[in-house]
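I have placed the structure first, in the form of structure tokens, so that the comments after it can refer back to it.
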Amino acid sequence: MLRLDQVGKNFGGLPALSNVSFEVPQGLVTALIGPNGAGKSTLINCTTGVLQPSSGAVRFLQQEITALPAHQIARLGIARTFQNLKLFPRLTVLDNVLTGLTCVGGRSMLMAMLRLPYLRHRERQLKLRAMEALDRFGLADKAAWQAGSLAYGDKKRVELARATVGRSELLLLDEPVAGLNAEETAEVGDQLKLLRSTGHTMLLVEHDMDLVMEIADQVVVLDSGKCIATGTPDEVRKNPLVLEAYLGRMEAMA
Amino acid sequence: MFNLTDFLQFSFAGLTSGAIYALIALGFCVVNNTMGIVNFVQVDFVSLGGMLMFTALFTLGLPMMPGLLLAVAGVGVVAMLVERFGLRPARSDNHLVLIFLTVGLSIILRGIIKLIWGKNRMALPPLTPDEPISLFGATVLPQALWILLLTIVAIGLLTWFFYRTPLGLSMRAVASNPTAAAVVGIPAGRVRLTSYAIAGALGGLAGVLVTPITTLNYDVGVLLGLKGFAAAILGGFGSFPGAILGGVGLGLLESLSAGYLSSAYKDVVAFVVLLLVLFVRPKGLLGK
Ligand SMILES: Nc1ncnc2c1ncn2[C@@H]1O[C@H](COP(=O)(O)OP(=O)(O)O)[C@@H](O)[C@H]1O
Ligand SMILES: [Mg+2]
């Protein structure tokens, strides 16, 4: 579904990604792992048009999206979350989630003026959908709050609700449980499993190995901007390169 | 001796000019919120509103209300052209470059207005005949009531648009976090175009409403626009309630200082107070 071909990205001459190629197959969960600074977030940014790759090509559903602006990529059906939260802090929680339906329910101003009753019906439907998404993440009672005033764990989940509410073809989640407590992690984990069981395609960046092993069908390992391994969770776990580059270092830290 | 009638008279005059400043200030805020820049073309939207009203009434022979709607919509369309063909081709995100462009475009638009309508002073009739009305002892012109009424209507429409329509939500989203807005699929270009249309309509409405009281010529918007800009800063640049509060505050200050001190000092007093407020609250009254 999503294909990266020799994708590279330099920041002021320093390579953050070099020649990364892999595929995210439809209907499966692909985990993207690697030590801090490996280039995982940069890769997600290059895929969603937040950053332009310096070289290589990104294809989504057979279409080349490498040079498209972010909003057009979103309209093709790619939704994402950010590692370091990008909410609309001055909007309410409900409005934040409603923006996730932009591509689904975005009506032009002309439509809004010409077909008011239709629009009102439509608006009610969209609100209902947004409330359902909030409910799934246990945030329905905070719908009217300003997003900026929420606790960190709640903000993280509002972003997940916003990314999932539109049922995009592909979900890119950058460390969705980082910084959450055990209880919140379990809740979000359940939601991710639910999304997986309903056939969502996901690319999941995550450090929580238990979660990765549990829900990933395929694992891609990045180290210093290079893709060093791809395979099933078990294969990757036994790969000596990976052990050295990633798991080894994690254990050394522990 | 405090005279209530005088006070009402001065306050009413202040509210009227304050409403005009508020409309212009709101125009500045809309563009600032979605693009992060000061749009100096705003001042010419005011002049253009008056000019288009003049043409609608005397060239096209339209009645008042259709003329007003045509003039306001016309300035909205011109504002969209300014964004689409004046700013967007620059393909720049550098705010200084964009602000300088608006200064240049303002000079160009003013030149075009001068070419089309000439340099002479013209007069627009008020929306309804000028029979002064007595209100609690103060004498009020119907045009002043129109200004207050239509300003309130405009603010109501603006609120409805921002809080009740999908495009309004998109615009608030872009103002709150442009990157997040892009990744949920909101096209920044359309949002910028809409913010210019709204800024143009607000400036145009201010021009249509105020020029029967002042006079009408090609650069009537410059001083008014400067006051609107000051009002926006006083209220906290970018804040809508701040723009309204700043506009009304500046209008009242001017009018009360003209009434109780001397009209020679009204601009000085207003701007001294503006400076004092900014010394104490650099972000303006309601700034974030
Ligand atoms: N906007 C940027 N400008 C300069 N360097 C960056 C930028 N974003 C990331 N980097 C660098 O690229 C490398 C990869 O970072 P990142 O993609 O955030 O890693 P990860 O998400 O795997 O922890 C790091 O060395 C980081 O310092
Ligand atoms: Mg990262």
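The values are calculated or read from the model by the stated rules, or taken from the named source; none is laboratory data. What you are looking at is a predicted structure, and each value in this text was computed from that prediction instead of being measured. Here Cβ is always computed from backbone atoms with ideal geometry, including for glycine, and neighbour counts include all displayed protein chains. Calculation scope for accessible area: heavy atoms of the full protein, side chains included, ligands and nucleic acids excluded. Shrake-Rupley method; radii C 1.70, N 1.55, O 1.52, S 1.80 Å.
In whole percent, and with a 1.4 Å probe on the protein chains, what portion of the accessible area of region B:14-232 is carbon and sulfur? Walk me through the numbers before you get to the answer.
Details: 6160 of 8720 Å².
Looking at region B:14-232 in its full context, I get 71 percent from C and S.
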Charge dipole (debye, nearest 20) of chain B; +1 at Cβ of Lys and Arg, -1 at Cβ of Asp and Glu: 820
Per-residue [θ]222 nm for chain B (sum of -39500 (n - 2.57) over DSSP H runs n ≥ 4, rounded to 500): -24000 deg cm²/dmol
Solvent-accessible heavy-atom area per residue, rounded to whole Å², over region B:14-232 at 1.4 Å: 40
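Between A:His121 and A:Leu241, 0.36 nm times their residue separation minus their Cα-Cα distance comes to what? Intermediate values should be presented prior to the final figure.
Details: separation 120, 0.36 × 120 = 43.20 nm, distance 5.58 nm.
Answer, rounded to one decimal: 37.6 nm.
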Rounded to whole Hz, the Karplus (6.51, -1.76, 1.60) HN-Hα couplings of region B:123-140, x for glycine and proline: 10, 9, x, x, 4, 10, x, 7, 8, x, 10, 9, 10, 6, x, 8, 9, 10
Centre separation in Å (Cα based) which lies between region B:195-234 and region B:119-161: 14
Peptide-level mean, for A:160-168, of C-beta atoms on other protein chains within 10 Å: 1
Residues with amide H under 5 Å from that of A:Ala16, placed H, sequence gap 5 or more: A:Lys9, A:Asn10, A:Phe11
Helix-only mean residue ellipticity at 222 nm for chain A, each DSSP H run of n ≥ 4 adding -39500 (n - 2.57), per residue, nearest 500: -11500 deg cm²/dmol
Lys/Arg +1, Asp/Glu -1 at C-beta; chain B dipole; positive extreme among B:Met51, B:Leu115, B:Phe7: B:Leu115
Simple label model, 7 Å out from Cα along Cβ direction - B:Thr215 to B:Phe7, nm: 3.6
Rounded FRET efficiency, nearest 0.05, which uses the C-beta distance separating B:Leu69 from B:Val272 and R0 of 45 Å: 0.70
Between region A:1-42 and region B:253-288, the Cα center-to-center distance that results, in Å: 56
10 Å Cβ neighbours from other chains, averaged over peptide B:166-173: 6
Spatial separation of Cα centroids for region A:54-100 and region B:1-52, in angstrom: 39
Förster radius 45 Å - calculated FRET efficiency between B:Asn94 and B:Asp130, Cβ distance, rounded to 0.05: 0.40
Using a Förster distance of 30 Å, the FRET efficiency for A:Ala182-A:Lys226 (Cβ separation, nearest 0.05): 0.35
Contour excess over end-to-end distance, with Cα ends at B:Ser262 and B:Val103 and 0.36 nm allotted per residue: 53.9 nm
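For the protein assembly as shown, what is the charge dipole size about the Cα centre, in debye to the nearest 20, if Lys and Arg each add +1 at the Cβ and Asp and Glu each add -1 at the Cβ? Mind dumping the intermediate values first?
Working: 44 positive and 36 negative charges, 251 e Å.
Roughly 1200 debye, rounded to the nearest 20.
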For A:His71, solvent-accessible area (1.4 Å; no DNA, RNA or ligand), Å²: 40
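What share of the DSSP beta bridges in the protein assembly as shown is antiparallel, in percent to the nearest 5? Each step should come with its number before you reach the end.
On the way: 24 of 40 bridges.
Restricted to the protein assembly as shown, the bridges split so that about 60 percent are antiparallel.
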